[in-house]
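First the structure, in the form of structure tokens, and then the observations on it.
The values are calculated or read from the model by the stated rules, or taken from the named source; none is laboratory data. Predicted model only: the values in this text are computed from it and were never measured. Neighbour counts run over all protein chains shown; Cβ positions are idealised from the backbone, glycine included.
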Amino acid sequence: MSDFRRLSETMLASPQIGPDEVTQAADQGVKLIVNNRPDGESPDEPQGAEIEAAANAAGIDYLSIPIGQSGFSLPQVDALVQAIQTAGGPVLGYCRSGTRSTLLWSLARAKMGDAPDAIAAAAGAAGYDITPVRPTVDMLAGEASGDT
């Protein structure tokens with residue numbers, strides 16, 4: 001059973017998914033799956049190629065934006081911004097717990113100009129805490145609004 005958590009009208013976050021959850025995502029109208037796990041992070045769980053194949057079979061686009069131990073980078077944020085803007089419908093991001101996907105979404109939304117408090121509230125309502133990236137969310141939102 002899926003544990004898709006709604007962050008916004010256009011974004012869902014989830015712990016690790018398998019082929020069955022890909023089918024459930026398709027049933028819920030997801031247009032793009034974003035994998036935020038590096039391959040090999042947990043060899044006993046489905047790897048990117050398996051999820052990509054299931055996504056392709058279900059008519060869902062697939063994108064890998066791995067987030068490892070080195071944390072987040074601006075190219076990762078930019079990649080998710082572009083993905084959100086071009087997906088043509090809801091996006092499902094997943095990682096081990098959904099936290100990295102939520103934190104990356106928070107950074108992307110801040111860069112897109114969303115208010116940090118609204119981002120934090122949406123993440124919190126889905127059961128995630130953006131405290132680890134909140135200073136960067138504030139900075140990106142300030143840059144987006146021209147308050148730098």
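Within the stretch 2-13, not a single residue is touching a Gly at 6+ places or on another chain (Cβ under 6 Å), closer than 17 Å to Gly89 by Cβ, modelled with pLDDT of 95 or more and assigned to a loop (DSSP other than H, G, I, E, B). Checking each residue in the stretch 126-148 for being in contact (Cβ under 8 Å) with a residue 60 or more places away in the chain and farther than 12 Å from Arg109 by Cα picks out Ala126, Gly127, Tyr128, Val133.
Yes/no matrix, rows are residues, columns are (1) in contact (Cβ under 8 Å) with a residue 40 or more places away in the chain; (2) surrounded by fewer than 24 Cβ atoms within 10 Å (Cβ to Cβ):
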| position | (1), (2) |
| --- | --- |
| Asn35 | yes, no |
| Glu41 | yes, yes |
| Glu50 | no, yes |
| Ser64 | no, yes |
| Leu80 | yes, no |
| Trp105 | yes, no |
| Ala110 | no, no |
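Scanning the stretch 132-148 for residues that are among the polar types (S, T, N, Q) and either surrounded by 14 or more Cβ atoms within 10 Å (Cβ to Cβ) or assigned to a helix (DSSP H, G or I) (or both) yields Thr136, Ser145. Scanning the stretch 42-61 for residues that are over 17 Å from the mean Cα position of the chain (by Cα) and of a type in the set (Asp, Glu) returns Asp44, Glu45, Glu50.
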